[in-house]
1. Restricting attention to segment 313-348, and to residues there that are of a type in the set (S, T, N, Q) and either buried (at least 22 other Cβ atoms within 10 Å of the Cβ) or within 16 Å of the ligand (Cβ to nearest atom) (or both), which single residue is farthest from A14 (Cα to Cα)?
2. Residues in segment 249-278 that are under 27 Å from F303 (Cβ atoms) and not β-branched (V, I, T): how many?
3. Is there any pair with a first residue in segment 43-72 that is closer than 17 Å to L215 by Cα and a second that is in a helix (DSSP H, G or I) whose Cβ atoms are under 6 Å apart and which are 6 or more apart or on different chains, and what are they?
4. Is it the case that segment 283-292 has a residue that's touching a His at 6+ places or on another chain (Cβ under 8 Å) and either more than 19 Å from L55 (Cα to Cα) or within 14 Å of the ligand (Cβ to nearest atom) (or both)?
5. Of all residues in segment 140-197, count the ones that are within 28 Å of the chain's Cα centre (by Cα), of a type in the set (A, V, I, L, M) and assigned to a strand (DSSP E or B).
6. If you go through segment 75-86 one residue at a time, do you hit one that is more than 30 Å from I157 (Cα to Cα), of a type in the set (K, R) and out of contact with any Asp or Glu (no Cβ under 6 Å at 6 or more places or on another chain)?
7. Of all the residues that make up segment 402-415, how many are touching a residue at least 40 places away in the same chain (Cβ under 8 Å) and either of a type in the set (G, A, S) or crowded, with 16+ Cβ neighbours inside 10 Å (or both)?
Amino acid sequence: MSTTDAALDHSNHAFKGLIAHAQAYGFIYPSSEIYDGLQSIYDYGPYGVALKRNLQNFWWQSMTQLHENIVGIDAAIMMHPTTWKASGHIDGFTDPMVDNKDSQKRYRVDLLIEEHAMQLVAQGKSTQAKSLMEEMERCLATGNLPGLDELLERFAIVCPLSKTAHWTPVRQFNLMFSTQMGAQNDGTTIYLRPETAQGIFVNFLNVQKTARMKLPFGIAQVGKAFRNEIIARQFIFRMREFEQMEMQFFIQPGTEKKWFDYWQETRKDWYSSLGINQEKINIHPHKQLAHYATAAVDIEYAFPFGSKEVEGIHSRTDFDLKRHEHYAKKKLQYFDPDLKQHYTPYVIETSVGLDRLVLMLLDNALTKTDDPAKRTYLKLPAPLAPIKAAIFPLVKKDGLAERALALFNALKYDFPLIYEETQSIGKRYTRQDLIGTPYCITIDYQTLEDETVTVRERDSMAQYRMKIAETAGYLHAATHIKSLLLQLKT
Ligand code: GAP
């Protein structure tokens with residue numbers, strides 16, 4: 001096996017291990033699993049949903065609480081269908097697809113070609129791979145579909161299933177899900193939103209007027225988005241139903257460079273506060289821009305399957321507001337009291353996939369030690385951990401269980417906790433390590449004498465004694481979201 005093959009094999013193995021861990025320990029399950037699942041759709045289990053909510057709260061608070069000029073909304077998933085004509089999604093939100101006539105499987109051409117290029121690199125043919133990628137990017141940028149047909153043929157790219165090159169011509173497929181509103185056969189076709197951003201644009205004036213916002217100001221939103229992704233793979237990285245956290249920052253035209261730089265820095269800072277290994281974060285400027293953007297960067301994370309986008313920062317000019325003005329025939333302008341004039345604001349957008357963040361955090365956190373104990377634990381930042389502390393009586397008898405339950409009942413109003421009294425302490429620690437609980441608190445015989453408990457830390461496994469009365473303050477300081485917020489520059 002070559003070094004490259006070995007590295008790929010190791011990454012595949014690591015990713016499979018991550019998926020297995022997420023499923024086995026209550027983070028993420030395939031959706032409707034008893035019916036064998038639904039491709040690219042996943043459900044969050046008890047620890048997954050808590051982790052996701054904690055991340056969402058951290059993002060929400062970092063946006064709306066730390067910036068006095070950012071407010072939130074929660075717009076509906078279903079919007080007037082003209083929204084998507086105005087946004088360009090009906091005409092332009094497409095991916096080039098190709099079908100293999102033998103396997104009957106459909107593929108996204110760019111991903112098929114990218115995979116072939118990776119195989120060429122693994123075979124030591126880097127120059128060929130580079131020229132393939134460059135030619136593909138040129139074809140994509142100019143919408144040259146016959147050019148993509150030609151690349152498939154010239155590089156003899158075959159279907160991974162049938163191993164044949166019997167391709168249909170490359171075609172564009174729209175990624176929006178549609179449904180009918182009203183009477184089944186006579187209703188209006190509407191779409192499940194493919195991004196949350198448009199709910200913000202159509203509410204721009206509502207928010208500006210009712211919350212009395214002055215430029216520059218932002219509107220933040222968290223919510224579901226839907227895309228009929230054809231390539232279903234990489235677990236929760238690419239889903240058909242997923243969650244976005246988007247913020248549109250409305251600014252005076254001419255200031256977009258300053259604010260684009262500001263948001264890049266602010267968002268980079270947010271990732272370092274998550275304790276992510278910064279070597280795994282990459283800022284990737286776009287060469288090929290979306291139809292609405294004049295500048296864009298991706299924040300990428302080095303997943304086991306490659307460095308991939310988790311967040312996009314886009315300079316969207318006045319594209320969206322102008323398009324909605326045109327289609328809705330309503331003015332969407334801002335009156336600037338300082339300049340005493342009306343204008344259409346420009347927009348800097350930060351757009352992050354919440355599910356991709358969950359995957360990034362799990363990947364970053366899953367730790368296996370090489371020591372004889374061969375410990376596996378999730379090194380999640382304590383403020384994001386699903387459970388903040390587990391409370392154990394050393395044994396059930398002699399009144400220890402009652403004391404442990406009393407502590408559990410006193411702390412449960414402030415912290416998500418687990419109470420466990422069965423199995424050995426070692427097994428109970430292991431179970432908490434696997435779901436990332438940062439602290440385990442044990443009530444033992446000494447507690448009955450001096451009102452102290454043993455606190456055991458997940459990462460260092462250090463144990464120390466603490467007065468029962470100090471546990472609430474200790475957990476608060478170590479596990480509150482505030483400790484993450486305080487790390488951010490504002
Ligand atoms: N409003 C701009 C926008 O939607 P995007 O780059 O298409 O931009 C933003 O999406 C983020 O949404 C991505 O960085 C990614 O984290 C997340 N995302 C996009 N498609 C996704 C999918 N199919 N599954 C999971 N997350 C996705």
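1. Narrowing segment 313-348 to residues of a type in the set (S, T, N, Q): 315, 317, 333, 341, 344.
Keeping just the survivors that are either buried (at least 22 other Cβ atoms within 10 Å of the Cβ) or within 16 Å of the ligand (Cβ to nearest atom) (or both) gives 315, 317.
Numbers: S315: 36, T317: 41 Å.
Looking at the filtered set, the residue picked out is T317.
2. Of segment 249-278, the ones under 27 Å from F303 (Cβ atoms) are 260-261, 263-278.
Next, from what is left, pick out any that are not β-branched (V, I, T): 260-261, 263-265, 267-275, 277-278.
Result for segment 249-278: 16.
3. I70/M63; I70/T64; G72/T64
4. There is at least one residue in segment 283-292 that is touching a His at 6+ places or on another chain (Cβ under 8 Å) and either more than 19 Å from L55 (Cα to Cα) or within 14 Å of the ligand (Cβ to nearest atom) (or both).
5. 2
6. Of the residues in segment 75-86, the ones more than 30 Å from I157 (Cα to Cα) are 75-86.
Those still in the list that are of a type in the set (K, R) too: 85.
Going one step further and asking which of them are out of contact with any Asp or Glu (no Cβ under 6 Å at 6 or more places or on another chain), we end up with 85.
For segment 75-86, residues more than 30 Å from I157 (Cα to Cα), of a type in the set (K, R) and out of contact with any Asp or Glu (no Cβ under 6 Å at 6 or more places or on another chain): present.
7. Number of matching residues: 5.
Conditions tested, residue by residue: (1) surrounded by 14 or more Cβ atoms within 10 Å (Cβ to Cβ); (2) at pLDDT below 90; (3) charged (D, E, K, R).
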| site | (1), (2), (3) |
| --- | --- |
| A129 | yes, no, no |
| A141 | no, yes, no |
| L161 | no, no, no |
| T168 | no, no, no |
| T179 | no, no, no |
| N185 | no, yes, no |
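The values are calculated or read from the model by the stated rules, or taken from the named source; none is laboratory data. Model, not experiment: these values are computed from the prediction. So basically every Cβ, Gly included, is an ideal-geometry build from the backbone, and we count neighbours across all protein chains shown.
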